[in-house]
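Q: Please see the structure below; I have some questions.
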Amino acid sequence: MQRNLPLLFILSLFATSLGAAQPAVGPAPRDLHTWCQSVTRVIPQIKPKHCLKAELKPAAVKSVNGHQIMLREFKPAHAPVARVLVVGGIHGDELTAVSIVFRWIELLQQPYSDGLQYHWRVVPVMNPDGLLAKPPTRVNARGVDLNRNFPTPNWFAEAPRYWLVSAGRDPRRFPGKAPASEPESRWLHDEITRFKPDVIVSVHAPINVLDFDGPPTGIKAPLRFGRLHLNRVGVYPGSLGNFGGLKEGIPVVTLELPHALNMPTEKELAHVWRDMQEWLRVNLVERKTASARTNAAPAAEHPE
Ligand SMILES: [Zn+2]
């Protein structure tokens, strides 16, 4: 018995580490079913079976109203070329910004999908309270525009002033009383710190442009994804683009789909996906290969 103790100890450590690798809170299938029912009731373009097939897992956060925020992760078997964070529906009344992210999850589930060399973390519904409100709202359950609530520099001086003066106290654009005051924006902020994405893709509607925020050097702004053309819409205090792109130096691509309720055509969706994958490939894969070549030890001198 004594002799077996070390073996038992090793086995128990192994079991503990296996346990730790599991998600902290795995949803019972019924919970996911309920979650999918609520979301697909609001967005009929997403069929409940597609929502279930997305195999979402709960993130370690719930919204103000207690709705679970869900995510899907795709991780290559080998070391990923880069990490990509996708955020859909941070504004609850932009339904297409959720639908398109579910479509991307479907595409990533295909065995030879483009983009499988990256580690993806995909959050299709960032603002469930806004989405599930009747009618859906841009803001969260406490009336905060989550996309004005990120801790950008001088938030206390700039965000409230911008809301009062430039946004004319528009309740749809209220930045909150303090940066990262909301569980949803606080979690996304922390997730960016934990996951350290190389690129953040955020989806909105209905301005019909492509926007880009990022450090002045490095990854180039995409010129177009499908019919969405690059048109920088400006930098707002507390926005995700301002926080991620300018403060943290992580390129943030923002897709502004043309309609909040009507999805683009299948052809257009395919163009958007293809152009996005091409932009990621050129900027993440090719740049990485080029910089690895530059940093490699110089080759042995060739005798002339
Ligand atoms: Zn929006």
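Q: Inspect segment 81-90 for any residue being away from the ligand (no atom under 16 Å from the Cβ), open to solvent by 10 Å² or more (accessible area, probe 1.4 Å) and on the phi < 0 side of the Ramachandran plot and give the result as yes or no.
A: Yes, that holds for at least one residue.
Q: Residues in segment 263-270: is at least one touching a residue at least 24 places away in the same chain (Cβ under 8 Å) and open to solvent by 60 Å² or more (accessible area, probe 1.4 Å)?
A: Within segment 263-270 (the criterion being touching a residue at least 24 places away in the same chain (Cβ under 8 Å) and open to solvent by 60 Å² or more (accessible area, probe 1.4 Å)), the answer is no, since none of the residues qualifies.
Q: Sort out which residues of segment 185-202 are within 14 Å of the ligand (Cβ to nearest atom) and in contact with a Pro (Cβ under 9 Å, 6 or more places away or on another chain), and write them in order of number.
A: Passing the criteria: only Ser185.
Q: Something else about it: Given the conditions (1) buried (at least 20 other Cβ atoms within 10 Å of the Cβ); (2) of a type in the set (Gly, Ala, Ser); (3) within 14 Å of the ligand (Cβ to nearest atom); (4) in a loop (DSSP other than H, G, I, E, B), report the number of the one that Gly241 does not fulfil.
A: (4)
Q: Criterion first (away from the ligand (no atom under 15 Å from the Cβ), open to solvent by 60 Å² or more (accessible area, probe 1.4 Å) and modelled with pLDDT of 95 or more) does Ser181 satisfy it?
A: no
Q: How many residues are of a type outside the set (A, V, I, L, M, F, W, C) and either outside any loop (DSSP other than H, G, I, E, B) or open to solvent by less than 20 Å² (accessible area, probe 1.4 Å) (or both) if we restrict to segment 96-112?
A: So the count comes out to 5.
Q: Out of Arg121, Arg142, Arg72, I need the residue that is surrounded by fewer than 19 Cβ atoms within 10 Å (Cβ to Cβ) and more than 16 Å from the ligand (Cβ to nearest atom). Which one?
A: Arg142
Q: Ok, one more. Can you find a residue that is open to solvent by 30 Å² or more (accessible area, probe 1.4 Å), part of a loop (DSSP other than H, G, I, E, B) and over 19 Å from Ile90 (Cα atoms) anywhere in segment 159-169?
A: Yes, because at least one residue in segment 159-169 is open to solvent by 30 Å² or more (accessible area, probe 1.4 Å), part of a loop (DSSP other than H, G, I, E, B) and over 19 Å from Ile90 (Cα atoms).
The values are calculated or read from the model by the stated rules, or taken from the named source; none is laboratory data. All values reported here derive from a predicted model rather than from experimental measurement. Glycine also receives a Cβ, built like all others from the backbone with ideal geometry; neighbour counts cover every protein chain displayed. To get the accessible areas, we keep the full protein, side chains included, count just its heavy atoms, and leave off ligands, DNA and RNA. Shrake-Rupley method; radii C 1.70, N 1.55, O 1.52, S 1.80 Å.
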